[in-house]
Structure formats: C-alpha cells, structure tokens
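Worksheet for the structure shown next.
The values are calculated or read from the model by the stated rules, or taken from the named source; none is laboratory data. Treat the numbers as computed from the prediction; the structure is a model and nothing was measured. To get the accessible areas, we keep the full protein, side chains included, count just its heavy atoms, and leave off ligands, DNA and RNA. Shrake-Rupley method; radii C 1.70, N 1.55, O 1.52, S 1.80 Å.
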Amino acid sequence: MKQLLILISFLLITQTSFCWGFYGHRQINYYSVFLLPPEMLVFYKKHIAFINEHAVDPDKRRYLIAAEGPRHYIDIDRYGSYPYDSLPRQWKDAVEKYSNDTLQLHGIVPWWIQTMQQRLTKAFRDKDAARILKLSAEIGHYIADAHVPLHACNNHNGQLTGQKGIHAFWESRIPELLADKEWDFFIGKASYVKNIGQFSWARVLESAAAADSVLKIEKKLSADFPTDLKYAFEERNGVLIRQYSTAYTLAYNQLLTGMVERRMRQSIYAVASFWYTAWVNAGQPDLKNLEGYNFGVDDLKDLDSLSKEWKNGSLKNLDCD
Ligand SMILES: [Zn+2]
C-alpha cells in the first residue's frame, strides 16, 4: 500500500509544471541582465535576485486571478491560417472585429507585452525603483512565453493529438537537462526596439510557425522510439519522478536541431532589449542612486498574496497547458 501511494505521488508530480518551467523563466531573466549597458547594469545587477525570483510571479498569479491566464499565450490558429492576416494587430481594431471576450478567450500575449512595456517606461520616467523591478521581472515572463511555440497554438499541450505532456517536455524537461551543461547564454548587447508592437508580433508568428514542427517531430519520435524507454524514473530538483527519459529527451532535442536553446537565447535578447528600450524612451534616467523597494499598497498586496498562496502549496499541483 505504501509503495502504491509513493507511486501515485510520483505520477502526480509528473503532471506538475509551469510555462517555460520555473527554471527557464528564472534563467531567462537572470541572463538578460548581462546584456544591459553599464548605466543599467549597475542597478539590475544589484537587484538580480529579485529579477530572478519574481520571473515566475505571473504564473503563480494565473491561479488566483482569472484575467491573468490569457496574458501568457495566444491561440492564433483560431484566426485562420498563417500569417493570420485577418487578425488585426492593433488592439482596438481586433476588439472591434472579434470582441474583447473572444480575444481574451484565445489569449492576448502580444498586446499584453505592449501594455507592460508602457508601464515599465512610466516606472523609469517616475524613477520608481520598486515598480521598475517588479515590471521588469514580469515583462520578462510574458516575453519569454511569447517565444514558446506551444503558447501560440490551440493544441497547446498536445491534447488534440494524443501528446499530452508535450508542453512541459519542450519548455521544462529539455532546458532543465541541457541549459546548465551545454547551452550558451552570453549573447552580446541589448538593442533599441523601434516598434515594440511589430517586434512582439514577429516573435509570436515565429512561435506559431514552429508549433507544427514541435508537435509533428515528437509524434514521429514517439512512434519510432521503444515504448519502454520513453519514460523513466529520474531525478528532478532532487526528487525521483517518472518523466520523459534522458535518452528520449536528447533524441527529441536533436531532432528539433537546437530549437529550444535558440528560443531561449532569443527570449533573453528580447527581454534585455525591451528593458533597455523602456529606459531609453523614458529619457535614460540615472539609475545609480535609485534605492529601495518602496512598493505601493497594491503591489505589496499582490506580492504578499502570491507568496502566501505559494507557501500554502495551493498552487503547486497545477499544470501549464
Ligand atoms: Zn506563463
């Protein structure tokens, strides 16, 4: 009986994961800091622990606030076929054509990134250190999500093609196995992004175009690979769980020809570039003497509820799919 219970708990753990995994989001925010110019680096480096830790707040919030979910994805294939020209890129035009309810239903990530960018620019203008940090950490999350192919596709967890679990396989299992050991995240410098909207849509369209390969390649691999070697009890964060085996993960990564690493690198470049652009558009405020975490009441409440729920464990067995 005891063994059975242990097995059941292992199986439950295999279901648990979040977008890009907590690991991926934290890595992306962390490495983005090192692409910044010296005037920004001095501030971001000092607060890198915050930027790293709060990279995952938006995922925690998904389970507390209904409006949060749609900010992480867009099921763009609900709007016809690539390049989805019938979907207006401007929010106002899109609402007029499809209604706010429909847009929320299918996800709003490319628009939400732009809203966050405006807020971040304002925080820089106000020289509000706490807001700069919170918004930087969170916009990093949404930008990274927009780079994940399955965040731009209705079949986001392979639920329509008998591939349930592929979401976390692509964005958590592969990076957790390979990022530290083999991937390179020193990418160069952040760039100024002239048109935030255009840039966001371009990344989402790349994601949408790649979604098909993500699914098809795994489907074929699954058919060719010995079934008994597909899963294994292996360690994750110090716990033994049943998950896609190392051999299967490496085979999938190879067939994807570096796609996950590429998307992670592009995420890092984009996150740093958006931070940098917000700072430039705010008139390059001097960040050297910005001090303190003087959060406003709403931000404090938000941070507090996220960490409380997290500690209570009520968010732990939820899946990103
Ligand atoms: Zn997310």
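For this structure, a couple of remarks:
- Angle between the chain longest axis and helix 21-32 axis [Cα atoms, degrees, rounded to 10]: 40
- By definition, a body whose alpha carbon gyration tensor gives a ≥ b ≥ c is prolate when a/c is 1.5 or more and a/b is larger than b/c, and the chain fits this prolate description.
- PHE295, PHE185, PHE233, reordered so the largest accessible area comes first (probe 1.4 Å): PHE233, PHE295, PHE185
- Accessible-area order (highest first, 1.4 angstrom probe) of the listed residues ARG26, ARG119, ARG61, ARG125: ARG125, ARG119, ARG26, ARG61
- Accessible area of PHE225 in the full protein assembly, 1.4 Å probe (Å², nearest 10): 40
- Probe 1.4 Å, accessible area per residue of the stretch 42-160, Å²: 39
- Largest-first ellipsoid semi-axes for the stretch 8-160, taking √(5λ) over the Cα gyration tensor eigenvalues, angstrom: 28, 22, 13
- Nearest-10 value in Å² for the accessible area of ARG242, using the 1.4 Å probe: 80
- The stretch 18-55 and the stretch 286-304 have Cα centres lying 17 Å from one another.
- The chain - percent of accessible surface contributed by carbon and sulfur, probe 1.4 Å: 53
- Computed accessible area, ASP85, all protein chains, 1.4 angstrom probe, square angstrom: 120
- Oblate is the label for the stretch 209-321. Its Cα gyration tensor axes, ordered a ≥ b ≥ c, give a/c of at least 1.5 and b/c at or above a/b.
- Comparing GLY24, GLY296, GLY140 in a Gaussian network model of the chain (Cα springs below 10 Å), the most mobile by mean-square fluctuation is GLY296.
- Counting 0.36 nm for each residue step from GLU291 to GLN104 and taking away their Cα separation leaves a gain of 63.6 nm.
- In terms of distances greater than 18 angstrom between alpha carbons, the cross-link table entries LYS134/LYS301; LYS164/LYS220; LYS97/LYS194; LYS97/LYS122; LYS60/LYS311; LYS45/LYS288 yield LYS97/LYS194; LYS97/LYS122.
- Prolate/oblate/rounded label for the stretch 129-182 (Cα gyration tensor, a/c 1.5): oblate
- Extension gain (nm, one decimal) between LYS46 and GLU182, 0.36 nm per residue minus Cα-Cα: 46.3 nm
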